[in-house]
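As structure tokens, the structure follows; a few thoughts come after it.
The values are calculated or read from the model by the stated rules, or taken from the named source; none is laboratory data. As the structure is a computational prediction, the values presented were derived from the model and not from experiment. Here the Cβ positions follow ideal geometry from the backbone for every residue, glycine too, while neighbour counts run over all protein chains shown. Ligands, DNA and RNA are excluded from the accessible area calculation, which covers all protein heavy atoms including side chains. Shrake-Rupley method; radii C 1.70, N 1.55, O 1.52, S 1.80 Å.
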Amino acid sequence: HPQLRVRRASRSALMLLELTEADIGVPIETIARILHMHDLGAIAERVMRTGQLEEREIERPGAGRWLLIRCVPYRNELSRTQGVLLTLIDLTERHLSEERLHAQGAMTQSVLDAMQANVAILDRDGKIVQVNKNWIEIAEQTGSSELPSFTAGANYFQACAIPDAGPVTTACLEGMRK
């Protein structure tokens, strides 16, 4: 890839790559090494050949940063491909938010599983959003053919709305729907 060199770079790109203005002109392999993305040159060549955008999400080792690397063809005024444009999008905050959300979900599940009661959390429409381990155990004990009706994603109201449910079940369902 000797013809693929950095021709221009924004200040933010230089900062993300820990480069300076003096590094303008380095070969794409230098960027590939910094990003630990050994196939960046091959991706750039493929984008130049096909004219199709390619992107990849990477974690930058040692930097604690997540980046979306987007590679698009760079065309001149005659629409001829003259190179590629690499866009670096910092996804670190999104990844940190996802990690916090995952940890919060795990904590919520732990609290639910510690409860002695059989617990199912429903949304407004009766969809089961989350259940605890006791709920799953009792659902398994009452019959495996009905299990899918009482697991996360199923509609509890629909699963319980059987014609001969009786007045207590009917009243209970009506109360939950309010």
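Restricting attention to segment 42-86, the residues being within 18 Å of Ala9 (Cα to Cα) and in a helix (DSSP H, G or I) number 1.
In segment 66-85, what residues are more than 12 Å from Leu53 (Cα to Cα) and in contact with a helix residue (DSSP H, G or I) (Cβ under 6 Å, 6 or more places away or on another chain)?
Applying the first criterion (more than 12 Å from Leu53 (Cα to Cα)) to segment 66-85 yields 66-68, 75-83.
Within segment 66-85, Trp66, Thr81 meet the criteria.
Which residue out of Leu16, Leu96 is farther than 30 Å from Lys133 by Cα, in a helix (DSSP H, G or I) and modelled with pLDDT under 95? Talk me through it step by step, then tell me what you get.
Numbers: Leu96 fails: farther than 30 Å from Lys133 by Cα.
Criteria check complete, one pass: Leu16.
Just so you know, in segment 13-28 the residues that are touching a strand residue (DSSP E or B) at 6+ places or on another chain (Cβ under 8 Å) and of a type in the set (Gly, Ala, Ser) include one that is surrounded by the most Cβ atoms within 10 Å (Cβ to Cβ), and it is Ala13. Applying the criterion of being in contact with a strand residue (DSSP E or B) (Cβ under 6 Å, 6 or more places away or on another chain) and more than 21 Å from Leu96 (Cβ to Cβ) to the residues of segment 38-55, the residue that is most open to solvent (accessible area, probe 1.4 Å) is Leu53.
Of these, Ile89, Ile121, Ile58, which one is open to solvent by 50 Å² or more (accessible area, probe 1.4 Å), under 27 Å from the mean Cα position of the chain (by Cα), free of Cβ contacts under 8 Å to residues at least 40 places away in the same chain and closer than 24 Å to Arg5 by Cβ?
Working: Ile121 fails: closer than 24 Å to Arg5 by Cβ; Ile58 fails: open to solvent by 50 Å² or more (accessible area, probe 1.4 Å).
Residue meeting the stated conditions: Ile89.
Only one of the numbered conditions (1) open to solvent by 60 Å² or more (accessible area, probe 1.4 Å); (2) of a type outside the set (Ser, Thr, Tyr); (3) under 26 Å from Arg60 (Cβ atoms); (4) out of contact with any Pro (no Cβ under 9 Å at 6 or more places or on another chain) is not met by Ile136, and that is (3). Take Ala9 and tell me if it is touching a helix residue (DSSP H, G or I) at 6+ places or on another chain (Cβ under 8 Å) and in contact (Cβ under 8 Å) with a residue 40 or more places away in the chain. It is false that Ala9 is touching a helix residue (DSSP H, G or I) at 6+ places or on another chain (Cβ under 8 Å) and in contact (Cβ under 8 Å) with a residue 40 or more places away in the chain.
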